[in-house]
Amino acid sequence: MLNWSNIDTVLLDMDGTLLDLHFDNHFWLEIIPKAHAVKQGISLEQARADILARYDAVMGQIEWYCLDYWQAQLQLPIMDLKREIQDLISVREDVPEFLQALKAAGKELILLTNAHPDSLSLKIERTQLSGTQFDGYLDKVISTHQYGVSKESQSLWQQVQADLKFDKARTLFVDDSLSVLAAAKQYGIGHLLAIENPDSQQAPREITDYLAISDYRTLLPII
């Protein structure tokens, strides 16, 4: 499926790619609307409609991923609410073996996530505590917030490549977001891989625009 001899660098998304997206979906689609309803004294239906409209307004922009933005917008203790359900944070079961194989093959592994630094820290802390840490395999961990733009932006790709000096023709980028994969393709990243099943509680998606998998172990061995 992939010619590993043509790949030196692997850029990996986090949520839905290394980690189960169920935590994030549950948080943003269930916990936040409920907290917003209580805060504003409105029905859950009204709160959900308001929240979804707010999400749509900044979809794909760095604000969508920014916990500071949402705390200011909603006047809710975002990180406290995340910690209340942190038991849901988990590494995909197929990830450790895949990362081990990549490291053994000498690939450069870089986490490139749109997640806010506070969310990133919580997830690294939580997965370490559960004994399924993923960050130990990574050569670099990058939150796009340090660049002020998300992976949907060509500016992000330009800045990241200028800093990391990877050969985009010999780079594999793995993500569950089709819009992000489209941005990487536009920039000229040579190898793209989509994740069909980012949320363990939802049915896999059918993806035809990109090489797509539901289990990293189908890519092994890496030689």
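Of the residues 67, 81, which single one is among the aliphatic types (A, V, I, L, M), open to solvent by less than 70 Å² (accessible area, probe 1.4 Å) and under 19 Å from the mean Cα position of the chain (by Cα)?
67
For residue 75, indicate whether it is surrounded by fewer than 18 Cβ atoms within 10 Å (Cβ to Cβ), more than 15 Å from the chain's Cα centre (by Cα), touching a residue at least 24 places away in the same chain (Cβ under 8 Å) and under 23 Å from residue 141 (Cα atoms).
Values: surrounded by fewer than 18 Cβ atoms within 10 Å (Cβ to Cβ): yes; more than 15 Å from the chain's Cα centre (by Cα): yes; touching a residue at least 24 places away in the same chain (Cβ under 8 Å): yes; under 23 Å from residue 141 (Cα atoms): no.
The answer is no for residue 75.
Looking at the range 43-61, I want the residues that are surrounded by 13 or more Cβ atoms within 10 Å (Cβ to Cβ) and have a partner that is basic (Lys, Arg) with Cβ atoms under 8 Å, at least 6 apart or on another chain. Which pairs are those?
44/34; 47/34
Would you mind stating whether residue 139 is charged (D, E, K, R) and touching a Leu at 6+ places or on another chain (Cβ under 6 Å)?
Here the answer is yes, as residue 139 does meet what is asked.
Table: residues versus (1) at pLDDT 95 or above; (2) open to solvent by 60 Å² or more (accessible area, probe 1.4 Å); (3) more than 21 Å from residue 9 (Cβ to Cβ).
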{"site": "118", "(1), (2), (3)": "yes, yes, yes"}
{"site": "122", "(1), (2), (3)": "yes, no, yes"}
{"site": "130", "(1), (2), (3)": "no, yes, yes"}
{"site": "149", "(1), (2), (3)": "yes, no, no"}
{"site": "153", "(1), (2), (3)": "yes, no, no"}
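I'm checking my understanding of the structure. Among residues of the range 193-223 that are among the aliphatic types (A, V, I, L, M), open to solvent by 30 Å² or more (accessible area, probe 1.4 Å) and touching a helix residue (DSSP H, G or I) at 6+ places or on another chain (Cβ under 8 Å), which one is farthest from residue 4 (Cα to Cα)?
If we filter the range 193-223 for residues that are among the aliphatic types (A, V, I, L, M), which is where we start, we get 193-195, 203, 207, 211-213, 219-220, 222-223.
This time we only want the ones that are open to solvent by 30 Å² or more (accessible area, probe 1.4 Å), so: 203, 211, 220, 223.
Of the ones still in play, those that are also touching a helix residue (DSSP H, G or I) at 6+ places or on another chain (Cβ under 8 Å) are 220, 223.
On the way: 220: 10, 223: 6 Å.
The extreme case among them is 220.
Here's a check for you: in the range 91-116, which residue that is more than 14 Å from residue 19 (Cβ to Cβ) and part of a loop (DSSP other than H, G, I, E, B) is most open to solvent (accessible area, probe 1.4 Å)?
This residue is 106.
Among the listed residues 187, 137, 147, which satisfies the condition of being touching a helix residue (DSSP H, G or I) at 6+ places or on another chain (Cβ under 7 Å), over 25 Å from residue 212 (Cβ atoms) and of a type in the set (Phe, Trp, Tyr)?
From the options 187, 137, 147, the qualifying one is 147.
The values are calculated or read from the model by the stated rules, or taken from the named source; none is laboratory data. These numbers were taken from a predicted model, which means no experiment stands behind them. Please note: Cβ atoms are built from the backbone with ideal geometry, for glycine as well, and neighbour counts cover all protein chains shown. SASA here: full protein model, heavy atoms, side chains in, ligands and nucleic acids out. Shrake-Rupley method; radii C 1.70, N 1.55, O 1.52, S 1.80 Å.
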